[in-house]
Amino acid sequence: MTSRRPRATRILLIAVLVIAALVLVGAIAVLLPILTHQSAGGSGQTVPEQFVSETSAQGSDGRTRELSVETPEGEPAELDALQPGDTLVVRGSGFDAGIGIYVAVCAIPSGPDEKPGPCLGGIPEGAEEGHAQQAALASVWITDDWAWQAFATQRYDDARSGSFTATLTVPAPTSDGLDCRETRCAIATRADHTAARDRVQDMLLPVAFARE
């Protein structure tokens, strides 16, 4: 009887150690790409001075990124008088599907080395808790990274062409100290938290909110 207990204890200990090792390996697999990511440079975009519904730029990585905003009916969106609750269809192509992106209404940065932000509604709600796909669509998280796919809002439409389609519901113009009626804002794409310092995915289309 006594010989069985140490054996059972050893089996339990081995099982615990195996589980702990698997968890550690998984954590390393998730964190290592974040810690070792090297910036690919800038997107090469000159932010439009006017309100336009599409833009394109060749980034430091040689990719030509295109960003456009449409109405649900497929017409070019008028971005100079947004109303909370409006639906916008944001389309992109030429993006690096190896780098996840957030799509949201964000403050336009003062320089090319600064990321767009803060953003109305912040990053997609639930992105850090693992349930962004259930979040309100004021912002969208797109990634093809296997470690984060289950948590993101959606994947790229096509990884090879770097294309995506994201549907946003225009939020209120103020959030957490940002007022897009006073600060210049844009429909923006930017690298997600796995490559937060990388500016190569930054593309912006200026917007304004209708005055009441």
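The values are calculated or read from the model by the stated rules, or taken from the named source; none is laboratory data. Quantities reported herein were computed from a predicted structural model and do not represent experimental measurements. A quick note on method: Cβ atoms are made from the backbone with ideal geometry, for glycine too, and the neighbour counts reach across all protein chains shown. Side chains included, ligands, DNA and RNA excluded: accessible areas come from the protein's heavy atoms. Shrake-Rupley method; radii C 1.70, N 1.55, O 1.52, S 1.80 Å.
Details
- When region 100-122 is limited to residues that are open to solvent by less than 10 Å² (accessible area, probe 1.4 Å) and out of contact with any Leu (no Cβ under 8 Å at 6 or more places or on another chain), the one that is farthest from residue 44 (Cα to Cα) turns out to be 100.
- Residues in region 73-97 that are assigned to a loop (DSSP other than H, G, I, E, B) and touching a residue at least 60 places away in the same chain (Cβ under 8 Å): 79, 80, 81, 83, 84, 85, 86, 94, 95, 96, 97.
- Residue match in region 19-32 (condition: open to solvent by 100 Å² or more (accessible area, probe 1.4 Å), modelled with pLDDT under 75 and part of a loop (DSSP other than H, G, I, E, B)): no
- Single condition residue 186 does not satisfy, out of (1) at pLDDT 95 or above; (2) of a type in the set (Gly, Ala, Ser); (3) more than 14 Å from the chain's Cα centre (by Cα); (4) open to solvent by 10 Å² or more (accessible area, probe 1.4 Å): (4)
- Looking across region 81-91 at every residue that is over 14 Å from residue 209 (Cβ atoms) and open to solvent by 10 Å² or more (accessible area, probe 1.4 Å), the one that is farthest from the chain's Cα centre (by Cα) is identified as 87.
- Residues satisfying the criterion are present in region 195-212 (criterion: within 20 Å of residue 87 (Cβ to Cβ), modelled with pLDDT under 95, of a type in the set (A, V, I, L, M, F, W, C) and open to solvent by 20 Å² or more (accessible area, probe 1.4 Å)).
- Taken over region 135-172, the criterion of being within 14 Å of residue 120 (Cα to Cα), under 14 Å from the mean Cα position of the chain (by Cα) and among the polar types (S, T, N, Q) is satisfied by 139 alone.
- Pairs meeting the criteria (first residue in region 140-151 and of a type in the set (S, T, N, Q), second residue open to solvent by less than 40 Å² (accessible area, probe 1.4 Å), beta carbons under 6 Å, at least 6 apart or on different chains) are 143/100; 143/152.
- Per the listing 70, 78, 125, the residue uniquely modelled with pLDDT under 95, closer than 24 Å to residue 173 by Cβ and surrounded by 13 or more Cβ atoms within 10 Å (Cβ to Cβ) is 125.
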